[in-house]
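This report refers to the structure that appears directly beneath it.
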Amino acid sequence: MPVDFSGTWILETNNNFEDYMKILNIDLVTRKVAVHLSQTKVIIQDENKLTIKTLSTFRNYEISLTIGEEFDECTKGLDNRKLKTLVSWEGDTLVCTQKGEKANRGWKHWLEGDKLHMELYCEDVVCHQVFIRKK
Ligand code: VL7
């Protein structure tokens with residue numbers, strides 16, 4: 001039985017998000033707004049299918065994918081890049097690689113106790129976010 005990430009998760013800490021946005025060339029005005037946003041993740045996991053919604057009052061972003069199958073991702077409303085994206089399991093961690101213009105780009109999700117962790121990385125920058133489950 002793989003880990004089930006399904007649920008609604010509220011952002012609690014957001015370490016280094018500013019540098020992650022910078023490395024993606026997000027403009028200053030957008031960064032100033034985005035860095036303070038309350039973000040909510042809605043994750044629906046059904047066997048090898050995954051939908052992840054990242055919601056905020058400013059922008060929303062949604063992906064749907066099959067674990068283990070590469071797909072075309074366009075980060076519309078974020079940095080607007082085209083990526084070849086693959087999400088797979090490494091033990092109980094969901095690991096995503098996003099091949100495109102930027103090197104070493106991707107993210108990871110894992111659970112620790114009742115918290116959802118996420119690492120967002122690009123080039124030499126790592127952003128670490130922790131979410132608590134919405135009651
Ligand atoms: C997606 C944003 C910074 C632009 C707006 C910020 C709006 C709310 O990739 C992500 O999640 C994965 C794994 O859970 C699933 O797609 C994180 C948010 C990162 C990057 C770009 C700033 C403008 C934040 C959408």
message = in contact with a Leu (Cβ under 8 Å, 6 or more places away or on another chain), open to solvent by 20 Å² or more (accessible area, probe 1.4 Å) and without any contact (Cβ under 8 Å) to a residue 60 or more places away in the chain: is that true of Lys76 in this structure?
response = no
query = Restricting region 39-59 to residues that are assigned to a loop (DSSP other than H, G, I, E, B) and surrounded by 12 or more Cβ atoms within 10 Å (Cβ to Cβ), which is farthest from the ligand (Cβ to nearest atom)?
reply = Asn48
task = Could you list, in sequence order, all residues of region 60-73 that are in contact (Cβ under 8 Å) with a residue 12 or more places away in the chain and in a strand (DSSP E or B)?
result = Tyr61, Ile63, Ser64, Leu65, Thr66, Phe71, Asp72, Glu73
Residue identified as in contact with a Ser or Thr (Cβ under 6 Å, 6 or more places away or on another chain), basic (Lys, Arg) and closer than 21 Å to Asp27 by Cα among Arg81, Arg105, Arg59 = Arg81
message = Among the residues of region 14-34, are any assigned to a strand (DSSP E or B), open to solvent by 30 Å² or more (accessible area, probe 1.4 Å) and touching a strand residue (DSSP E or B) at 6+ places or on another chain (Cβ under 7 Å)?
response = yes
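The values are calculated or read from the model by the stated rules, or taken from the named source; none is laboratory data. What you see is a predicted model; the values in this text were computed from it and never measured. A quick note on method: Cβ atoms are made from the backbone with ideal geometry, for glycine too, and the neighbour counts reach across all protein chains shown. Calculation scope for accessible area: heavy atoms of the full protein, side chains included, ligands and nucleic acids excluded. Shrake-Rupley method; radii C 1.70, N 1.55, O 1.52, S 1.80 Å.
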